[in-house]
Amino acid sequence: MMMNGLMRPYFLLFSAALCCAPANARLFGNSCTKIETPDDFDVDKYIEKSWYIQRQQTNTYQPEDDLYCIVATYSKEGDRQWGRRAITVRNYANSGAVNGPSPNGDFKLCATPRFRFRKPAELRVAPCYVPASLGGDYWVVAFDPDYEWAIVTAGQPDQEGACSEDSSLCTLREDCKIGFLPCVGNGQGLWFFTRAQSPDPSTIDAMEAKALELGICTANMKDVVHEGCNYDGATLK
């Protein structure tokens, strides 16, 4: 989990926002459609199997060179985050090429609900030693009834003008800076998850259509390469 000699920011798929204001704080004053996460989200079904990331936006902690063999596995291993029961998060990716080095190794994170008794699809994630209140937003904004695919955002999409063909669509940020310094920014992250390593194209089409229905622009998403991946060292289930 190294990048340029420093610890790579906490994760691949859950974004810890320890330096920037919450993404939804910027919704006021723009025309982005407010996302309402599903109330019928079942976290136990969601974490039942590993997820293969098929498409995603790049960001400050995961450039295009790292979009190989990306897998996310979630489980209940008894971890606690400052006294709260947490979901264990393990992410895997290759850098530079299929079966290239894995920048994150087996680094473990903790995810907890953003609210205790409502909005079950809104989580926050951070290293397990960091308070959940400082974690980054992770919202499951849509999913297949059988949990065969899911669309995940790092909070409320609030970036206007991302789609030249439809100015009403919004997306998530791809960078974050404090002055001249890059940071791990909340609001960075848009992902298409599937259970299948190589899903039918109709599955991707269904996610594209659902994202547009929610007012989310997908124009800046990149394909993740899975062909030939052996996922050596990944936690899979």
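Summary table below
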| quantity | calculated |
| --- | --- |
| Label point at ASN230 placed 7 Å out along Cα→Cβ; residues across the stretch 82-113 whose backbone nitrogen lies under 14 Å | 98-102 |
| Computed label-point distance, nm, for sites VAL98 and ARG118 using a 7 Å Cα→Cβ extension | 4.7 |
| Whole-angstrom gap from the stretch 132-151 to the stretch 160-175, using each part's C-alpha centre | 20 |
| Label-to-label distance, nm, for residues given as ILE204 and ASN30 (7 Å Cα→Cβ offset) | 2.7 |
| Modelled FRET efficiency - R0 45 Å, ARG85 with SER168, Cβ distances, 0.05 increments | 0.70 |
| Check: the stretch 76-136 dipole with +1 on Lys, Arg Cβ and -1 on Asp, Glu Cβ, in debye | 440 |
| Measure of compaction for the stretch 102-237 (Cα Rg per 2.2 N^0.38 Å) | 1.14 |
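Each reported figure results from applying straightforward, stated rules to the coordinates on display, with no laboratory input. Predicted model, so just to flag it, every value in this text is computed and none were measured. Because the Cβ atoms are built from the backbone with ideal geometry, glycine has one as well, and the counts that use them run over all protein chains shown.
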